[in-house]
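In what follows, a structure is listed as structure tokens, so that the remarks can point back to it.
The values are calculated or read from the model by the stated rules, or taken from the named source; none is laboratory data. A quick note: this is a predicted structure, and the numbers were derived from the prediction, not measured. Counting neighbours? That spans all protein chains shown, and the Cβs are built from the backbone with ideal geometry, glycine included.
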Amino acid sequence: MATQHEAETVRRPALSEYLRWSVDHKIIGVQYGVAAFLFFMVGGAMAMGIRLELWTPTLDLMASGSAYNSLFTMHGTVMIFLFIIPMWAAFGNFVVPLQLGAKDMAFPWLNAFAFWLIPPAAIVILLGYFVTPAEAGWTSYPPLSTLFSGDGQTLWALGAHLLGISSIMGSINFIVTILNMRPPQMIIWTMPLLCWAVLATSIIAVMATPFLAGALTLLLLDRVAGTTFFDASGGGDVLLWQNIFWFYSHPAVYIMVLPGMGVLSEVLSIHCRKPVFGYRMVGLSSMGIAFVGFTVWAHHMFTSLQPELRIPFMITTMIIAVPTGIKMFSWLGTIWGGKMRFTSALLFALGFMSMFVIGGITGVMLAALPFDIHVHDTYFVVSHFHFVLFGGSVFAIYAALYHWFPKVTGRMMNERLGRIHFVFTYFGFLFTFFPMHIVGMLGMPRRVAVYDPNFTDWNQFISFWAFVLGFSTFIVVYNVIHSYFRGPVAGANPWRALTLEWATTSPPPVTNFDDDPIPFEDPYGYGTEASAAYLDAVDAAFSGGRPTPDGNQAD
Amino acid sequence: MAELTADSLHAVATHDDHGHISEDEHNSNMKLGLWLYLASEIVIFSIMIVGYIIFRINEEDIVAQAHDELGVALVTANTFVLLASSFFMVMGLRAMQQGNRSGMLRWIGLTALGGIVFLGGQYIEYSELAHLGIVLGFDDASAWSTFGMRFYAPTFFHGAHVFVGVLWALEVMRRGAKGRYDNNPIGIEMFGLYWHFVDVVWIMLFTLIYLV
């Protein structure tokens with residue numbers, strides 16, 4: 001067998017293959033990833049615009065408050081619908097079939113179709129910015145989104161509709177792939193934790209996204225067909241939108257962060273050379289979060305809800321901290337006493353842990369009703385969800401990028417640049433968003449361009465570090481491009497990892513595996529002689545036993 | 001190396017279009033995928049159905065008046081046509097499973113016809129209602145001001161599903177005529193699951209809007 005693999009030259013797909021329709025999950029994964037990252041840059045540029053406007057307490061960059069409204073509306077929409085959610089589809093697409101030893105996703109054509117819905121949706125949404133832009137925020141509450149907005153809002157709803165359809169189709173594909181296409185030796189309890197996370201995420205997406213689709217359908221009818229589902233003056237119900245929207249969008253928060261939690265379990269275990277602490281509980285806690293996530297939506301409506309419903313939602317919201325806490329302690333237990341290799345992937349994973357725990361704690365604070373009413377609609381809330389979505393999701397996305405880049409391209413990323421990138425991102429992020437807690441508690445409202453001059457110093461501090469954070473993105477862009485062409489050859493298994501995606505060439509051949517791969521009995525069983533023998537066998541099969549780039553063969 | 005070669009685990013020889021997986025696996029993937037899709041459809045319908053229920057509880061007068069105007073005879077006949085088409089659908093699948101291709105084409109053709117008749121009935125009903133002044137948009141001047149949207153949104157959304165189902169039935173006939181399902185009728189079964197789903201949703205809407 002060894003000779004057959006050595007004779008194989010590892011061919012990377014031509015760059016033009018990424019611009020065409022392709023049903024190969026590895027191509028589609030990269031298409032998702034590159035497209036999502038481009039939208040990250042677009043949304044990031046909008047964030048820079050927001051921070052530039054907030055440099056002074058008066059209007060300067062923006063012509064009017066409305067222009068500012070549409071700017072942060074687009075920022076939120078692009079980052080959530082066009083960046084984070086598709087970005088997880090990127091890693092899910094590339095990695096999950098490989099981890100399952102499958103040759104492709106269950107429905108390759110559907111997979112490609114789901115991706116190709118994204119460019120038209122993005123065009124529709126972004127075009128809206130140039131007509132009469134949507135300015136009701138990414139949550140688009142009526143009556144702002146019905147009576148007080150123009151055609152851009154209609155285009156926004158159409159684009160979001162398309163993205164929802166794409167997300168549902170992609171998720172059906174993941175569920176079927178994960179449940180039906182594992183190798184016979186891999187029961188669900190020996191499945192890699194990323195697959196558990198993607199499974200939980202996809203179940204949420206299939207069950208929650210249709211709520212968004214339904215709400216958007218009614219919103220579009222209100223906007224174009226003269227109905228009054230959300231208009232109280234026409235017998236409609238304004239709160240109906242908030243209820244349906246958050247019944248989707250709160251579970252969607254977990255769509256955005258659960259895959260990142262799966263990435264954390266992979267990266268921490270592999271780069272600390274230790275089994276995952278409490279594997280079963282981590283897998284089950286993903287399901288727990290998915291389930292409890294459906295019972296907490298109205299905590300977004302504490303100030304608009306019937307008062308008697310507030311306490312029940314306060315309780316369920318606090319309960320969801322339990323499965324999340326299980327994960328946090330599992331990660332701590334995993335790195336405890338581990339043989340840590342401070343790779344860029346591990347640094348970002350540790351960054352995730354430190355930032356997400358802050359976001360989680362402020363989440364419990366916001367769940368407490370009296371506190372929530374005090375900081376409602378202030379920068380405290382902005383800070384909280386950026387700690388969860390940037391400190392959480394984006395840090396995990398970077399960890400996943402540094403971790404799987406060698407598998408995708410066959411080249412290692414530059415670790416020195418990776419560390420520089422980490423330092424800029426970590427401190428840029430921390431000093432941008434942590435002070436927002438303070439200005440929020442001092443009473444600075446969100447979603448305004450003109451603020452009390454007393455907050456000027458804080459805002460200039462925040463804006464400065466936001467620009468540092470914005471700059472850090474260019475480091476990773478340079479690193480990716482440079483490493484794609486000049487990075488050292490990675491070999492099949494540079495991290496000496498046990499999951500199946502590393503038991504094939506980098507990048508994998510079109511059919512992923514030449515033979516049906518046999519998974520190691522425990523996907524995280526590091527530190528045993530059996531696992532060392534398995535890893536040596538993988539190395540021997542794919543790189544003639546060549547040492548890994550960091551020369552570290554020992555386990 | 002024995003760990004990696006896996007001689008004992010050859011993939012099943014039959015391949016589907018993508019050359020990846022066995023027929024059994026393909027069939028079970030398709031069915032699970034369709035069930036998940038139908039689960040997401042249930043959510044969308046349930047939003048409109050719950051919206052109607054809330055409206056019905058709050059606005060009993062308008063609903064009572066609407067019941068007087070809505071002709072139950074036409075829509076009952078329509079419901080039976082749709083139910084019958086589900087039966088034709090089952091017969092079509094059975095015919096294909098017995099290897100009777102032309103029988104399958106006849107039964108699925110009848111299924112599509114049932115769908116078309118249903119849509120025609122719905123068109124007639126909509127025309128009559130429009131004549132009475134029940135329209136989709138909100139109209140302050142009309143006594144029906146808020147009934148129209150609650151009525152048209154779920155029934156039209158359902159009608160759109162029947163329309164898609166008719167197109168799907170025609171596609172099943174086209175493929176079936178080429179012998180696509182001679183060995184593996186999964187494609188017909190998939191269409192059947194969808195068609196039964198559309199039928200079940202209609203029974204709920206019919207009960208809720210016309211009977212209760």
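The table below lists the values:
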item: Number of the condition not met by A:ILE187 [criteria: (1) free of Cβ contacts under 8 Å to residues at least 24 places away in the same chain; (2) away from chain B (no Cβ under 12 Å); (3) over 30 Å from A:ASP516 (Cα atoms)]; result: (3)
item: Inter-residue pairs, beta-carbon under 9 Å, first touching a residue at least 40 places away in the same chain (Cβ under 8 Å) and in segment A:356-377, second among the hydroxyl-bearing types (Ser, Thr, Tyr) and surrounded by fewer than 13 Cβ atoms within 10 Å (Cβ to Cβ), 6+ apart; result: A:ASP372/A:THR303; A:ILE373/A:THR303; A:HIS376/A:THR303; A:ASP377/A:THR303
item: Test: residue in segment A:451-459 that is crowded, with 16+ Cβ neighbours inside 10 Å and either among the aliphatic types (A, V, I, L, M) or within 14 Å of chain B (Cβ to nearest Cβ) (or both); result: no
item: Residue among B:ILE21, B:ILE44 that is modelled with pLDDT of 90 or more and either in a helix (DSSP H, G or I) or at the interface with another protein chain (Cβ under 8 Å from one of its Cβ atoms) (or both); result: B:ILE44
item: Check on B:THR79, within 21 Å of B:PRO185 (Cα to Cα) and part of a helix (DSSP H, G or I); result: no
item: Residue within segment B:123-137 that is exposed (fewer than 15 other Cβ atoms within 10 Å of the Cβ), more than 14 Å from chain A (Cβ to nearest Cβ), closer than 24 Å to B:TYR37 by Cβ and not hydroxyl-bearing (Ser, Thr, Tyr) present; result: no
item: Number of the exception - B:MET149 against (1) crowded, with 20+ Cβ neighbours inside 10 Å; (2) touching a Pro at 6+ places or on another chain (Cβ under 8 Å); result: (2)
item: Breaking point among (1) surrounded by fewer than 16 Cβ atoms within 10 Å (Cβ to Cβ); (2) within 14 Å of chain A (Cβ to nearest Cβ), for B:GLN98; result: (2)
item: Residues that are in a helix (DSSP H, G or I) and closer than 22 Å to A:ALA532 by Cα, drawn from segment A:267-289; result: A:VAL267, A:LEU268, A:SER269, A:ILE270, A:HIS271, A:CYS272, A:TYR279
item: Flag for B:GLU59 being at the interface with chain A (Cβ under 10 Å from one of its Cβ atoms), surrounded by fewer than 20 Cβ atoms within 10 Å (Cβ to Cβ) and under 25 Å from A:PHE245 (Cα atoms); result: yes
item: Subset of segment A:377-405 [of a type outside the set (S, T, N, Q) and touching a strand residue (DSSP E or B) at 6+ places or on another chain (Cβ under 9 Å)]; result: A:ASP377, A:TYR379, A:PHE405
item: Members of segment A:444-495 that are of a type in the set (Phe, Trp, Tyr) and either closer than 25 Å to A:GLY137 by Cβ or more than 26 Å from the chain's Cα centre (by Cα) (or both); result: A:TYR451, A:PHE455, A:TRP458, A:PHE461, A:TRP465, A:PHE467, A:PHE485
item: Matching residues in segment A:485-504 - criterion: being assigned to a loop (DSSP other than H, G, I, E, B) and either touching a Ser or Thr at 6+ places or on another chain (Cβ under 9 Å) or at positive phi (or both); result: A:GLY487, A:ALA490, A:GLY491, A:ALA492, A:ASN493, A:PRO494, A:TRP495, A:ARG496, A:ALA497, A:LEU498
item: Filter result for the condition that a residue is more than 14 Å from chain B (Cβ to nearest Cβ) and either in a helix (DSSP H, G or I) or touching a residue at least 24 places away in the same chain (Cβ under 8 Å) (or both), over A:VAL131, A:VAL176; result: A:VAL131
item: Residue within segment A:118-126 that is of a type outside the set (S, T, N, Q), touching a residue at least 24 places away in the same chain (Cβ under 8 Å), more than 14 Å from chain B (Cβ to nearest Cβ) and crowded, with 24+ Cβ neighbours inside 10 Å present; result: yes
item: Scan of segment A:476-529 for residues that are among the acidic types (Asp, Glu) and free of Cβ contacts under 8 Å to residues at least 60 places away in the same chain, ordered by number; result: A:GLU529
item: Residue list for segment A:47-96, restricted to those being in a loop (DSSP other than H, G, I, E, B), surrounded by 17 or more Cβ atoms within 10 Å (Cβ to Cβ) and of a type in the set (Val, Ile, Thr); result: A:THR56
item: Test result for B:GLY179, within 14 Å of another protein chain (Cβ to nearest Cβ), small (Gly, Ala, Ser), in a loop (DSSP other than H, G, I, E, B) and over 14 Å from B:ALA66 (Cα atoms); result: no
item: Residue list for segment B:72-95, filter: within 19 Å of the chain's Cα centre (by Cα), surrounded by fewer than 16 Cβ atoms within 10 Å (Cβ to Cβ) and not aliphatic (A, V, I, L, M); result: B:THR76, B:PHE80, B:PHE87
item: Meets criteria (outside any loop (DSSP other than H, G, I, E, B) and within 24 Å of A:THR217 (Cα to Cα)) for B:GLY165; result: yes
item: Positions within segment A:190-231 being over 20 Å from the mean Cα position of the chain (by Cα) and either away from chain B (no Cβ under 12 Å) or in contact (Cβ under 8 Å) with a residue 60 or more places away in the chain (or both), in sequence order; result: A:THR190, A:MET191, A:LEU219, A:LEU220, A:ASP222, A:ARG223, A:VAL224, A:PHE230, A:ASP231
